[in-house]
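What follows is a set of notes on a single structure, which appears directly below.
The values are calculated or read from the model by the stated rules, or taken from the named source; none is laboratory data. Computed from a predicted model, the values in this text were never measured in an experiment. Cβ atoms come from the backbone with ideal geometry, glycine included; neighbour counts cover every protein chain shown. The protein model used for the area step is the full one, side chains on, heavy atoms only, and it has no ligands, DNA or RNA in it. Shrake-Rupley method; radii C 1.70, N 1.55, O 1.52, S 1.80 Å.
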Amino acid sequence: MNVLLIGSGGREHALAWALRKSPQLERLYCAPGNGGIAALAECVDPDPLDFAAVTAFVRAHDIGFVIVGPEAPLVAGLVDHLDAMGIKAFGPTAAAARLEGSKGFTKDLCAANTIPTAAYQRFREADTAKAYIRQQGAPIVVKADGLAAGKGVTVAATLAEAETAVDAIFGGEFGAAGAELVVEEFLRGEEASFFVLVDGENAVPLATAQDHKQAGDGDTGPNTGGMGAYSPAPVMTDAMCALTMSRIIMPTVTAMARAGTPFRGVLFAGLMITGKGPYLIEYNCRFGDPECQVLMMRLQSDLLAALWASATGNLGGLQLRWSDEAAVSVVMAARGYPGSYAKGEPILGLEAAARVPGVQIFHAGTVLRDNQMLSNGGRVLNVTATGGSITEAVKRAYGAVDLVNWPGGFCRRDIAWRALERERQSS
Ligand code: AMP
Ligand code: GLY
């Protein structure tokens, strides 16, 4: 089968790497891809948001399956469009992608189905939002309703900060995504990322993972798309996974099916593990980035077959096999990220770094120009390694990071610190 993968990040590089192992795969195309993906797939032009161009490409290249990585084309309805043309695609329809596309939609779904989540109210006007904030007190959380590239959430320590966030959202900082907002209770606990493949009715959990959202060591500094990830996540014990499935995931899958908008694809629950069990912080309708990178390193089953089963309603009874090894991914980003940063800087040493045992380097934002690998984004490389323990995987990943010669880059030095502390205590 010929496959078209949509996306350009480290997530898509890891998906391409895993898809390549499938005996069913014939040609692999990626739109638009990046400098690393180019070694595994033919990088092609069609703009994922130009549905007619995607369809024309699919027809011209005898594509049997389209796999959509990022949320924007999903929320915009790419899968609906492909469905209508009779083209099989992995990922939710626009109606199901509202689980990521509208925070208010998801909060209402939780309320209607007693799914544990922070207490909340939805607002369309600044005055009423601010009155509610003053009544609740700080700390409190303010979120733009729609997609805001991870920047629409303010965890406010003070009332003033929360009110400033309200003004920014209604002042148009996030465009249409800020026509409405959600104010919610501040939750305390440890965060985890929980992924399930869903076929509309059945849900199959993937291995557990955790990421690091903040740019600086010690989980300090501004929020980013994710500065590193590891799998497994010790906080997600078998019991915690079972509670997440029964209290959060299955009620959601059932409610979406009952509403006539069944969810197919990968459902990514951002969780807060509290003293009272798992709470839903938010849903995403796609793989996490960089969580996907560590999951793909551990997946032993055929990824293409699993995604196909999700898209065609055949996940019932599917069991995924995972390596017992741990995996860790360290994001190398351009200095300045998540603010402004330079592009087009040469990156050397990649071959030597990739030779460290257990290491795979996934490219998140690179471009190959005149045989030179250049930086081409904020998050640029995902230096990923497996090992017999998190401790070993971390050592290998940073061993490889230190062989990359890119003076304009930086990374966090403490990825997986929680898991490392737990391993130290138990040894
Ligand atoms: P989100 O984009 O909704 O995942 O929010 C981004 C980050 O803000 C999360 O990963 C959490 O660290 C934090 N956050 C969001 N909602 C809450 C909440 N209700 N309580 C505490 N922290 C939160
Ligand atoms: N790493 C979190 C995300 O993909 O949203």
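Some notes on this structure:
- A simple spin-label model places pseudo-atoms 7 Å from Cα toward Cβ; at Leu318 and Lys343 they are separated by 3.5 nm.
- Rg/Rh for the stretch 268-411 (Cα atoms only, Rh after Kirkwood) is 1.03.
- Cα-Cα separations in the stretch 77-163 greater than 16 Å, expressed as whole percent: 63
- Convex hull volume of the C-alpha atoms in the stretch 125-170, normalised per residue: 61 Å³.
- Partner aspartates and glutamates for Lys21 [C-alpha distance under 18 Å; skip if fewer than 8 residues away on the same chain]: Glu12, Glu42, Asp302
- Unit charges on C-beta of K, R, D, E only; dipole of the chain, Debye: 460
- For the chain, Kirkwood radius (reciprocal of mean inverse C-alpha pair distance, Å): 21.9
- When only the Cβ of Lys, Arg, Asp and Glu is charged (+1, +1, -1, -1), the dipole of the stretch 56-214 relative to its Cα centre reaches about 60 debye.
- Between Met1 and Arg258, residue separation times 0.36 nm minus the direct Cα-Cα distance comes to 89.2 nm.
- Charges were assigned to the Cβ only: +1 to each Lys and Arg, -1 to each Asp and Glu. The resulting dipole of the stretch 1-82 about its Cα centre is roughly 320 debye.
- Note on the stretch 175-308: dipole from Cβ charges, positive end direction compared against Leu303, Pro290, Gly226; the farthest Cα belongs to Leu303.
- Heavy-atom SASA rank of Ser426, Ser323 (probe 1.4 Å, accessible area, largest first): Ser426, Ser323
- For a paramagnetic label modelled on Ala176 (point 7 Å from Cα along Cα→Cβ), amide N atoms under 17 Å away belong, within the stretch 63-91, to 71-81.
- Sorted on the mean count of surrounding Cβ atoms within 10 Å across their residues, most packed first, peptides 158-167, 358-367 read 358-367, 158-167.
- Taken over the stretch 1-127, the convex hull of the Cα atoms encloses 155 Å³ per residue.
- Cβ-Cβ FRET estimate between Glu201 and Leu159, R0 fixed at 35 Å, reported to 0.05: 0.20
- Percent of alpha-carbon pairs separated by more than 19 Å within the stretch 120-219: 52
- Ranking Val331, Ile347, Gly399 by Cα position along the charge dipole of the chain, where only Lys, Arg, Asp and Glu carry charges on their C-beta atoms, puts Gly399 farthest toward the positive end.
- For the residue pairs Lys151/Lys213; Lys107/Lys143; Lys130/Lys213; Lys103/Lys151, the C-alpha atoms sit more than 20 angstrom apart in Lys130/Lys213.
- Separation in nanometres of the label points that stand 7 Å from Cα toward Cβ, at Arg335 and Glu42: 4.1
- Full-stretch length increase - Phe105, Asn371 - with 0.36 nm per residue and alpha-carbon distance subtracted: 91.1 nm
- If you plug the beta carbon distance of Ala126 and Arg188 into 1/(1 + (r/R0)^6) with R0 = 30 Å, you get a FRET efficiency near 0.65.
- Straight-distance crosslink candidates among aspartates and glutamates, where the alpha carbon sits under 19 Å from Lys276 and sequence neighbours closer than 8 are dropped: Glu184, Glu185, Glu190, Glu191, Asp238
- Once the 1.4 Å probe is applied to the protein heavy atoms, the chain comes out at 40 Å² accessible per residue.
- Share of carbon and sulfur in the accessible heavy-atom surface of the chain [1.4 Å probe, %]: 50
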